[in-house]
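Beneath this line is the structure, given in structure tokens, with notes to follow.
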Amino acid sequence: FFFVKKGSETPSGLTVRTLSSCYFMSDNFKKSVPKICTSPIETILCLDHKQSMYCQLLTGLLQRDHVVSISSIFGSVLARSIKFLQDHWNELCSNIRTGCLSDWITDPGCRNAVSSILTRPNPELADTIEHIYGNESWEGIIKKLWPKEKYINSVITGTMSQYISLLDFYGGGIPLVSPSCYGSSESTFGINLNPLSNPYGISYTFLPNMAYFEFLPVDKDGEEKAQESDFDGVSSQWSSEMTNANGNVEPVDFANVKLGQFYEVVVTTFTGLYRYRVGDVLKLTGFHNNSPQFQFVERRNTADLLKAIGNAKRHLEPLGFVLMTFSSYAESSSIPGRYVLFWELKFKERNRCLKLDAKIMEQCCSIVEESLDFTYKSLREANKIAALELRVVKHGTFDAFMDFYVSKRAELRKL
């Protein structure tokens, strides 16, 4: 599942696009698509993401016996594709049964590309897929729909780790593989030499010839010692006069990192970035030859929240609930302020209606609060933070929220 985003123009007339969009629009990718994807290039380049998603799903189902992996850049995209599948499976089966594409697919590229694959009615395939969809539970649905599936390939590190349990549930035990390359618009950093490692313990081996790397030490709780440094927050770059003589934290180079230490990565690149702080916090987990291997580390508050929500999820799972996605918000309109969690839930069993017991959700709130750190608990006891609030939103809310901001040409960020 690959998507492009419409670019914008700078005042001087330069086109600005995301790194992934630039790559998907390149001649190199266009030539390789027929060899690696069931999605035709026209469906990937379609700027209407709903039409693009539908056509990529349809062509994937029509070629289900050829699919050996399911991929996206981020785990959140795979989670969204599963929800989209749940909402449109009847229509997808109808298209396969009749051999006709839905009328609302109006993008010429999509229609032409799909029509070259959807060439005839296929009621036998439609019956097979419909039977799979008809199961009470969608656990393992990916493996059932694509029986030759070997692995799921997507970024599941950092904040994307919240989707690991969801992808495990729908994948039916298919290995989760984080992409082989750790890269960004700033630079390529490293590669994953052990793609089948535990998704919660993925490390990347840094490549010393990609950029000049420096590492700013942070403490074991994830609090940045970088805050003590002479840092210009406006330009997101360091001052070149950062020295220990002034009591500032000095970065270490590639050869002087220490096992078990936490660092924020800094790059100086061939394209002009000078001591640029990327913002990722990493832990040194080992070495491959002399190249350091790093693991993503959440900021302390994010890691604590993920752990706390994980504890609450275990309370819900025996009741048949699946937490699809979540977000959090610091509510400061009242005194004292409070944290608010937004959860999107569904049942494992397809035909059950979502009815929540207030007592169960209160217990989830209590579990989350009990799992948070000492600082939070101390502030709660001192009544400097009000009780946590949990709001359950209806199915599709997060998708609608994202669609709205994408329509406003907002950049997509990790939640």
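The values are calculated or read from the model by the stated rules, or taken from the named source; none is laboratory data. Just so we're clear, the structure is a prediction, and the values are computed from it rather than from any experiment. All Cβ positions, even for glycine, are placed from backbone atoms using ideal geometry, and neighbour counts span all protein chains on display. With ligands, DNA and RNA removed, areas are computed over all heavy atoms of the protein, side chains included. Shrake-Rupley method; radii C 1.70, N 1.55, O 1.52, S 1.80 Å.
For Ser69, the residues whose amide H sits under 5 Å from its own are Lys150, ignoring neighbours fewer than 5 places away on the same chain, with H placed 1.01 Å from N.
Spacing of the modelled spin labels on Asp87 and Ser165, each 7 Å from Cα toward Cβ, amounts to 2.4 nm. Between the beta carbons of Lys258 and His288, assuming R0 = 25 Å, the FRET efficiency works out to 0.95 to the nearest 0.05. I'd like to know which of Leu78, Phe262, Ala382 lies farthest towards the positive end of the charge dipole of the chain, counting +1 on Cβ of Lys and Arg and -1 on Cβ of Asp and Glu. Going by the Cα projections, it comes out as Leu78. Taking label positions 7 Å along the Cα-Cβ direction at both Lys377 and Thr397, the computed distance is 2.9 nm, reported to one decimal.
Per DSSP H run of at least 4 residues, take -39500 (n - 2.57); add these up for the chain, divide by its residues and hand me the 222 nm value, nearest 500 deg cm²/dmol.
-10000 deg cm²/dmol
Charge tally around Phe342: other residues with Cβ under 10 Å, Lys/Arg +1 each, Asp/Glu -1 each, net -1. An ellipsoid equivalent to the chain, defined through the eigenvalues of its Cα gyration tensor, has semi-axes of 38, 30, 20 Å when rounded to whole angstrom and sorted largest first. Once you reduce the range 51-99 and the range 141-202 to the center of their Cα atoms, the two points are 18 Å from each other. Take the Cα of Leu196, step 7 Å toward its Cβ, do the same at Leu14, and the gap between the two points is 4.5 nm. Taken about its Cα centre, the range 8-179 carries a charge dipole of about 440 debye when Lys and Arg each add +1 at the Cβ and Asp and Glu each add -1 at the Cβ.
A P(r) calculated from all alpha carbon pairs of the range 106-184, with 10 Å bins opening at zero, reads 15, 30, 31, 22, 2 percent. If you wrap the tightest convex hull around every Cα atom of the range 8-179 and split its volume per residue, you get 132 Å³.
Distance cut-off 19 Å, Cα to Cα: go down the list Lys35/Lys83; Lys6/Lys30; Lys6/Lys50; Lys5/Lys30; Lys307/Lys355 and report the pairs above it.
Working: Lys35/Lys83 27 Å; Lys6/Lys30 17 Å; Lys6/Lys50 14 Å; Lys5/Lys30 16 Å; Lys307/Lys355 25 Å.
Too far apart for the 19 Å limit: Lys35/Lys83; Lys307/Lys355.
Percent of alpha carbon pairs in the range 302-413 separated by more than 25 Å? Beyond 25 Å sits 29 percent of the P(r) for the range 302-413.
Remark: relative contact order (the range 8-179) = 23 percent; criterion is Cα-Cα distance under 8 angstrom and separation of 6 or more residues.
Give me the 1.4 Å probe accessible area per residue for the chain, excluding ligands and nucleic acids, in Å².
52
Full extension of the segment from Phe404 to Lys6, taken as 0.36 nm per residue of separation minus the current Cα-Cα distance, would add 141.8 nm.
Fully extending the segment from Thr98 to Lys150, taken as 0.36 nm per residue of separation minus the present Cα-Cα distance, adds 15.7 nm.
Shown for the range 8-179: the carbon plus sulfur share of the solvent-accessible area, taken with all protein chains present and a 1.4 angstrom probe, equals 54%.
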